[in-house]
Structures are given as C-alpha cells and as structure tokens.
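So the structure is just underneath, and the comments pick up after that.
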Amino acid sequence: MSGRRVPGAAELVAAARTGDRRALGRLLTLAERGGRGADEVDAAVSPAVRGATVVGITGAPGAGKSSLTGRLAARLAEAGERVGVIAVDPSSPFSGGAVLGDRVRMDEVTGERRDAVFIRSMATRGHEGGLALAVPLAVRVFDAVGFDRILVETVGVGQVEVEVAGAADTTVVVVTPGWGDAVQAAKAGLLEVGDVFVVNKADRPGVGDAVRDLERMLDLSPGAHEPQVWRPPVVTTVATTGEGIERLVEVLDEHRRHLVESGEGDRRRSGRRRREIRERALAAIARRLDAELARDGAEGSAGAGAVSVGGAAAVLVDRLTGGASPTSDEGSAGSGAGTADSRHG
C-alpha cells in the first residue's frame, strides 16, 4: 500500500508564500520539534529571509500581554501588514492550558483581520534544543514566507522569558498600575532589555504612580540623558478597549527608525545570529555526546570509580575533537583528569 507523499521543506515554503496556512503550520511544527526536520526548514527558509521586524513582548503574568498582543497585531494588520505571533508559554506541550487560553484571547481581538495574522503557541518544554533554537527559526519561517512583523509574546518574567523576549529588534515590557510590577521588572532585569514600557490596564487607579516609578528608574539607567541613546518611552494602554494602541504602534515605528539610523539594528541582528549559531553548535555537540555515552557506557565506568567523571568527560571531548583515538581511552583518561583538575584548581 503506497502512502501519500510528504512534501519537503522547500515545497512547504513555496506553498506558504502563496498564503497556504496549513503549509505554514507544518513548517512551524518542524521548526518546533528540532532535529533533522528543523535543519531542513532552516536550509529552505534562510535564502528567503528579508529582515522582518521582530517585537518581543514580556512582563509579569496577569499584565494583559495576550490581549495587548492581539490588539497590536490587529492594528498592524489594519495598516496592511502581515503579522506573525509566537505565543511562548511555560506549560507542558501536552496539557494545553494557558496556551489555549492566550490563543483564544488573541483570536478574539484580531477579529476580521484574522486572515492577515497567524498565531502560533509554543510551549517552553518539549523541544530538542529548547526555545533558544525553536523561536529564532520560527521567526525566520514567518519572515521568509512574507510576514512583515513578528510578535513574540512570553508568559512570566523568568530567565527563559527574558532571554526570548530580549532576542528581538524591539522589546516591550508590560506592567500594570502598582509598584510591585515595576520592582519585579527591575529584579528580573527587564529594565535592561526593555526598549518600550507599557503600563496596561491604565483605567485602574495608580496608573500615574506606575508611570512615574518607571520614569524614575529609567532616569538612573546608564546613558539616560545622552541625546544619542534611545530612552525607552512609557506608554499607557487599555488593551481590552484598544486605548493607547495607536500610540504604541507609533513608538514601535520610532524605535525601528532609530535602529536603522543608529546602526543598532544591524548590531543586534549580528549578535542574535552569533548566539543562535553557538546554541545550534552546542545542541549538535550534545547529541553526539549522548550517542557516545550510549555507545560505550562511559558514564558507567565513571560511576564505578574506574575513571573519574572529569576524566571520562575529557575522553569524550578528545574523541569528538580528534584529540585522541578511542583505543587510547585509559591513558587519555588519566591525563585528561589531571588537565581537568589543573583547569579548575
């Protein structure tokens, strides 16, 4: 019995460029799973990448980021842009939960312009190589098939979320009225990565205090009063009604112009590329190490005390880098252990 032929990555890219949403979804699934399928997608989309603008949106849970992201996507779509949304969630990829809830809220606010907006939920667990690889590749997929702006929304302010949101052209930090969010943002390092700050739910009491607190914190940041340095603006919004979204779009466009005129945009993209290359190299090395461990049980020898853990690690490194042949394990382990001790002494 002959099965249906599975289209390759290049075919999927060609179909997605014509507006085939199923083909786009398949590409994103392959990117998310990692491994050889993701490598094929990477090879297919990289020549077609045009440099779409990437906006990271992060902040404390309950700040209304999903509604804000949906409103922003809808407004950009109304202006004629095609918008890709990656909603990063900390839950398990098997449980749904908040991922589904966020997607429903975004769908509700994108409304009639839903055809110009593609929303993809992505859990923080269950990826080969992790989000450090899955998100940048998903961004390139959106870029290569013709999307103009990609919004990456994260839940929470943990290290993973800060890193993902910070790996963008423009990072938006969302807080709500009340001193607590501003303090949490400062502790999480969001003041350092934020290019734009949004005080959402501005119809609640305390919005003026929240804006002043953020402005004071920004006054103390390095280069705050130097004219050539971008000072993050503070925008107030009510995502449930759309109030302030127009101003947010203006600020995002202003920052995009600043990135082009100052050259900072090229520097950020080069930095992101270097980090991703490093992460991909580390992931490939990790897979080879796992294969070596499974092949000859090096961890078993270390656990039994025949070879130190450091020595066993040194043998694997030498083997992968061509520093020693597999037949010289015993001698290499001894010298490797000594080298490891001297490096950490």
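One Cα centroid belongs to the stretch 31-45, the other to the stretch 248-275; the line between them spans 26 Å.
Size of the dipole of the stretch 224-263 about the Cα centre, Lys and Arg at +1 and Asp and Glu at -1 on the beta carbon, nothing else charged, in debye to 20? Let's see the in-between values first.
Numbers: 4 positive and 7 negative charges, 18 e Å.
So the magnitude is around 80 debye.
A prolate overall shape is assigned to the stretch 14-75, the ratio a/c of its alpha-carbon gyration tensor axes (a ≥ b ≥ c) being 1.5 or greater and a/b exceeding b/c.
Summarising the amide proton neighbourhood of Thr171: residues at separation of 5 or more, or on other chains, whose placed amide H is nearer than 5 Å comprise Gly56, Asp195, Val196.
Going by C-beta contacts inside 10 Å, put Thr236, Thr321, Thr170 in order with the fewest on the left.
Thr321, Thr236, Thr170
From most to least packed by mean Cβ count within 10 Å, the peptides 239-245, 264-270 give 239-245, 264-270.
Since every read-out is calculated from the coordinates, none of them should be taken as a lab result. On a predicted model such as this, the values are computed, not experimentally measured, just so you know. With ideal geometry, Cβ positions are generated from the backbone for all residues, glycine too; neighbour counts draw on all protein chains shown.
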